[in-house]
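Presented below is the structure to which this report refers.
The values are calculated or read from the model by the stated rules, or taken from the named source; none is laboratory data. Note that the structure is predicted; figures quoted are calculated from it, not measured. Don't worry about glycine lacking a Cβ; one is built from the backbone with ideal geometry, like all the others, and counts go over all protein chains shown.
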Number of protein chains: 2
Amino acid sequence: MTNLMTNLIRNALIGLIACSGTAHAETDVQSAPNGITLPEGYKNWEVIGSSHREDNKTLRVILGNDVAIKAARAGETNPWPDGSILGKLVWKDAVHPKWEKATVPGEFVHAEFMIKQGNKYRDTGGWGFARWKGLDQKPYGEDASFVQECFSCHTPVKDNDYVFTHPSPMP
Amino acid sequence: MTNLMTNLIRNALIGLIACSGTAHAETDVQSAPNGITLPEGYKNWEVIGSSHREDNKTLRVILGNDVAIKAARAGETNPWPDGSILGKLVWKDAVHPKWEKATVPGEFVHAEFMIKQGNKYRDTGGWGFARWKGLDQKPYGEDASFVQECFSCHTPVKDNDYVFTHPSPMP
C-alpha cells in the first residue's frame, strides 16, 4: 500500500475516533516537549493503587495499561516489563460536604505518565516521563529537559525500578 | 521492616501460593446474606473517584461498571440509572517507606458495592448493598438485615441519590 493510502486511511480513522463524542480525544492533545504523546484511552485503564500526599495535599489514583496491569496483578513489577505505562491522576484535596473527615478529590491538577522502554529511555532509568496539566491537558515543561525533574525525584526508589507505587493488595 | 513491607511480602506470597490465573474467581465467592453475588470482574472496572477517610484511617477507590461509568462521565448521576454498580475498595492507611508524608494503601479491608435497581430495592432507596471482607472475600453480615446499617449511613445523602461519591473531575 502506498504511503498516501496509508495516510488517508489513518487520518480517516483518526477523524472517526475524534467525532465519536469524546470531548477531549487524546489525538487532539499536544505532545509533551520530549515527544511523548498522551496515552490513548488512559481514563479507561484499571487501578493499580492510590495515595494521599499529606505534604502537598493531593489525592492520587494510579492506573495501568494492559501490560502494566498484567504485571501488577502477577506481582512482577521489579522491574516492570517494557510496554508498561503507569498513569497517575492527581487532584487537590477537598472536604466532602457531608462528611467532614473525608478528604475527596477537588480540582483536577494533572495526569502524569511513566512509560517503560528500557532501551529508548535508558538515560532515565528505562522510563519516559510526561505530564499534562489541568482539564484542558496542557503539556508540562518548557523543553525536553523537564524529565530531569521527574527522574531526579524518582531516583530514591531506583531499587523499586524507579516507581514509588506498590500495587495495592486486592483479592 | 515496616508493616507495609511485611504486608506486601505476605500478599505476594499468598498470590504465589494461590492457583495460577484468577486466584479468587468471583464465581467461587459466597453470596451476601441478602442474596447479592459478588459482581464479576469488578477489579477491571474504571475509576469514578477516591477518598481518604481521616476518621477511620482508610484509603478508598470507587470504581463503576459500564452503566455507572457512562453515567459518571456524562454527569448523569442524580439519579444513577438502573443497572449502575458502584464498587468501593478499601484499604487501611499505611506510610510509604520512602515518602513519609505519603499515605498509601496497606492491608485490604473490604470491597463493597451499591447496585441500582429502583424497583427491586425500593425499600432501601433503590440500591442493593453488599460487602465482602478481606482478601479471602467473606461476605459481611449475619443475615439480610445488615443492609439497614448501610442504608441508614447513606440516608444523609438522600438528595444525591444516596451516594456519597461525586465523580472526580477528569479531562
Inset, instruction - Those residues that are outside any strand (DSSP E or B) and more than 7 Å from chain B (Cβ to nearest Cβ), I need them from the stretch A:96-106; list them, please. - result: A:PRO97
Legend entry - Residue satisfying all of: in the stretch A:47-57; more than 11 Å from B:ALA102 (Cβ to Cβ) and more than 7 Å from chain B (Cβ to nearest Cβ); surrounded by the fewest Cβ atoms within 10 Å (Cβ to Cβ) among these: A:LYS57
Legend entry - Qualifying positions in the stretch B:28-46 - within 14 Å of the chain's Cα centre (by Cα), surrounded by fewer than 16 Cβ atoms within 10 Å (Cβ to Cβ), modelled with pLDDT of 95 or more and on the phi < 0 side of the Ramachandran plot: B:THR37, B:GLU40
Legend entry - Flag for A:GLY128 being assigned to a strand (DSSP E or B), closer than 22 Å to A:GLU40 by Cα and away from chain B (no Cβ under 14 Å): yes
Legend entry - Pairs with Cβ under 8 Å, 6+ apart, first in the stretch B:149-171 and more than 9 Å from chain A (Cβ to nearest Cβ), second of a type in the set (Asp, Glu) and not in a helix (DSSP H, G or I): B:CYS150/B:GLU112
Inset, instruction - Quick one: in the stretch B:131-148, of everything that is in a loop (DSSP other than H, G, I, E, B), over 14 Å from the mean Cα position of the chain (by Cα) and away from chain A (no Cβ under 11 Å), which residue is nearest to B:ALA71 (Cα to Cα)? - result: B:GLY141
Legend entry - Check on A:THR103, of a type in the set (Ser, Thr, Tyr), closer than 30 Å to B:PHE108 by Cβ and within 18 Å of the chain's Cα centre (by Cα): no
Inset, instruction - Quick one: in the stretch A:113-122, of everything that is closer than 14 Å to A:ASN34 by Cβ and buried (at least 17 other Cβ atoms within 10 Å of the Cβ), which residue is farthest from the other protein chains (Cβ to nearest Cβ)? - result: A:TYR121
Inset, instruction - Could you run through the stretch B:58-73 and say how many residues are at the interface with chain A (Cβ under 10 Å from one of its Cβ atoms) and either outside any strand (DSSP E or B) or in contact with a Pro (Cβ under 8 Å, 6 or more places away or on another chain) (or both)? - result: 3
Legend entry - So B:GLY126, is it closer than 15 Å to B:ILE85 by Cα, touching a Lys or Arg at 6+ places or on another chain (Cβ under 7 Å) and at pLDDT 95 or above: yes
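Hey, among the residues in the stretch A:28-46 that are touching an Asp or Glu at 6+ places or on another chain (Cβ under 6 Å) and of a type outside the set (A, V, I, L, M, F, W, C), which one's farthest from the other protein chains (Cβ to nearest Cβ)?
The extreme case among them is A:PRO33.
Conditions (1) within 14 Å of chain A (Cβ to nearest Cβ); (2) of a type in the set (A, V, I, L, M), marked per residue:
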| residue | (1), (2) |
| --- | --- |
| B:THR77 | no, no |
| B:PRO81 | no, no |
| B:ASP93 | yes, no |
| B:PHE108 | yes, no |
| B:ALA111 | yes, yes |
| B:THR124 | no, no |
